[in-house]
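For reference, the structure discussed in these notes is given below.
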Amino acid sequence: MCGIVGYVGSRPSLGVLMGGLRRLEYRGYDSAGVAVIDAEGRLSTHKRAGKLGVLTQDLAAHPIADGVTGIGHTRWATHGGPTDANAHPHLGDDGKLAVIHNGIIENFAELKDELLAEGVTFSSETDTEVAALLLGREYRATGDLTAAFRKVVGRLTGAFTLLAIHEDQPGIVVGARRNSPLVIGLGEGENFLGSDVAAFVEHTRRAVAIGQDQIVTIRPDGIEVVDFAGQPVESEPFDIAWDASAADKGGWSSFMAKEISEEPAAVANTLLTRLGDEGVTLPELEGIADDIAGADRIIILACGTAAYAGMLGKYAIEKWAGIPVEVELSHEFRYRDPVIGPKTLIVSISQSGETMDTLMAVKYARESGATTLSICNTQGATIPRESDAALYTHAGPEVAVASTKAFVAQVTALYLLALRLAELRGTLPAAAMRANLAELSAVPDKIATVLGTGAGIRELARGMSDTRSVLFLGRHVGYPIALEGALKLKELAYIHAEGFAAGELKHGPIALIEPGQRVFVVVPSPRDASSLHPKVVSNIQEIRARGAHVIAIAEQGDVAVLPVADDVIRIPLASPLFEPLLAVVPLQIFAMELAAAKGLDVDQPRNLAKSVTVE
Ligand code: F6R
């Protein structure tokens, strides 16, 4: 949450900062602001409530003096509403110092009291301003921005990435991080800072991830990283695997539309080099091979859409590898007393790799002795760095707030993990292993087929733009898809939506069914001997008898749904565990189209941010 960018070099910084903010806007869009040190060595700032476009227009109408050093921020409000005054940057040292912040300073109230007692005045309700004023005070005492940072970070609790510039030190940007992300972009005669590599990938594809509790100073000709005690830190640069065009809309109406269209590639790239005819190759797991082979229990930790991917991982791991799996929301896991044994394997799932709830849960599990494996889509992110091993999905950058291609890539990675576990334990006969490998490799083409039905789903969505409530039902692997379908609709179209296990309906929720109630039902394949198909058809009949309008997602050739469903969306044939990778796609498209039909911004739904870096 909140996007941060910093620049020092030789070109006009405003263009670099605004370009970086445009790519980071998915992290928060309540307000935006910039600060630059101009050619005269003066600090100028400009900030506005609203999306980045408001700031862009304002800067065009009221230009500020540009320079070659600057910082920029796009905000997801925590302390204080989305107003001009609460927008970042915040100033210290009588307006000579500008600070931007991502995270929450938990002890800000007591620090604020301390400053108020000294007669300091505040012009915002934010926790960030406390850090700006403290930095200003320490700068006056030390005359050095990096030294001032070291004094201040020791007084802050909570999560923060802070960047600052000062008029007196015009050629540097200083940043510090604890529990929030910060990455350096290495240029020629210029350097960058960003919440993630998207901030600067159009200028350089060489980056360095800043570790926990470290302070970085960037200058045009170099970088310096120290820990909070001032000791130098060695940092290892990495190459960014995608280029700037990957994070552009590329002619699509929205990032979400583009990212859904990229789902076949997200799955194919996640499988690349890992899927053979006889087995899977996951060298990333070698360092923890003994721990995973000996695990007697797996706990999957994730939030939101990633947790629904985790539920599918549970079905696959239990079926193929026979290891008991629990799936838990990271924030619920962390604050109870979970039983973690030496043979517990923790698998975290996070597209961003920065979700604070998941990060805290992973740290807690690791400190409790568990082996931790991270499934993540973002290079250099904190959660994989804090884990014993990382299995990257290769979905490419996901910019739209609602997760789509990352979900199918996460499920793919979980299935690869499940198959590898089965190999290590010898739990799957060779023929079953081969059949699963073949099914996995066929998923990209089958998703591409589902994408071809987009026009029909758009029609369906347009006809439902006045709908106030939609229910989603599924059994077994259809259940997480029902939950995901409901989540997508809530977050994008602001329509009340609930996902239920179809068998649970008669235990209460069926009371919600009234004539005309729209219900999506994920129908399992009728071809599988152990299929729940007849039971789901019975569930449809129960709700139809009470007036529900049923939209079935069913495989090609399933004629049993025709008499009971009002609408049918077809997906290609797949065996049960692979069906959710196909069934989720129409639900993503439906939510996007319904939101678009209501005139809503599908990439930036209200109140949300893509990377949830506060607890
Ligand atoms: C929903 C959505 C969220 C995320 C969740 C976890 O569309 O995007 O529910 O899935 O916030 O985010 P990551 O995967 O970055 O940890």
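General observations
- Hydrodynamic radius (Kirkwood) for region 138-264, which is based on Cα pairs only, to one decimal in Å: 16.0 Å
- The helix-only estimate of mean residue ellipticity at 222 nm for the chain, built from DSSP H runs of length n ≥ 4 each weighted as -39500 (n - 2.57), is -11000 deg cm²/dmol after division by the residue total.
- A straight line joining the Cα centroids of region 497-526 and region 126-151 runs 56 Å.
- For q = 0.17 Å⁻¹, Debye-computed log10 I/I(0) when each Cα of region 332-386 counts as one equal scatterer: -0.47
- Principal axis extents of the C-alpha atoms in region 3-246 (largest first, rounded to whole Å): 50, 45, 33.
- Taken over region 249-450, the convex hull of the Cα atoms encloses 107 Å³ per residue.
- Kyte-Doolittle mean at least -1.0 and Cα axial length at least 24 Å: DSSP H helices in the chain: 304-321, 405-425, 430-451, 579-597
- A compact globular protein would have a Cα radius of gyration near 2.2 N^0.38 Å; the ratio found for region 454-597 is 0.94.
- Computed P(r) (all Cα pairs; region 237-334; 5 Å bins; percent): 2, 10, 11, 17, 20, 17, 13, 8, 3, 0
- Whichever lysines have a C-alpha closer than 22 Å to that of K112, once near sequence neighbours (fewer than 8 apart) are set aside: K96, K151
- Expected-Rg normalisation [2.2 N^0.38 Å, Cα atoms] applied to region 12-93: 1.01
- Kirkwood-Stokes translational diffusion coefficient of region 274-387, alpha-carbon pairs, 4 °C, 1.567 mPa s, µm²/s: 91 µm²/s
- Among the GluC sites (Glu not before Pro) in region 45-146, those placed in a DSSP loop whose Cβ has at most 12 other Cβ atoms within 10 Å are E118.
- Each principal axis of the Cα cloud of the chain was evaluated for its coordinate range; sorted largest first, these ranges are 76, 55, 43 Å.
- Among 164-173, 58-67, the order from most to least packed when residues are scored by Cβ within 10 Å on average: 164-173, 58-67
- The protection proxy used here, the mean number of other Cβ atoms lying within 10 Å of each residue, ranks peptides 292-301, 580-589 as follows, highest first: 580-589, 292-301.
- Qualifying lysines (Cα of each under 30 Å from Cα of K314; at least 8 residues distant if same chain): K258, K343, K363, K405, K446, K488, K490, K506, K535, K610
Where a number appears in this text, it was derived from the coordinates with a stated rule and is not lab data. This is a predicted model, so every value here is computed, not measured. All Cβ positions, glycine included, derive from the backbone under ideal geometry; neighbour counts span all protein chains shown.
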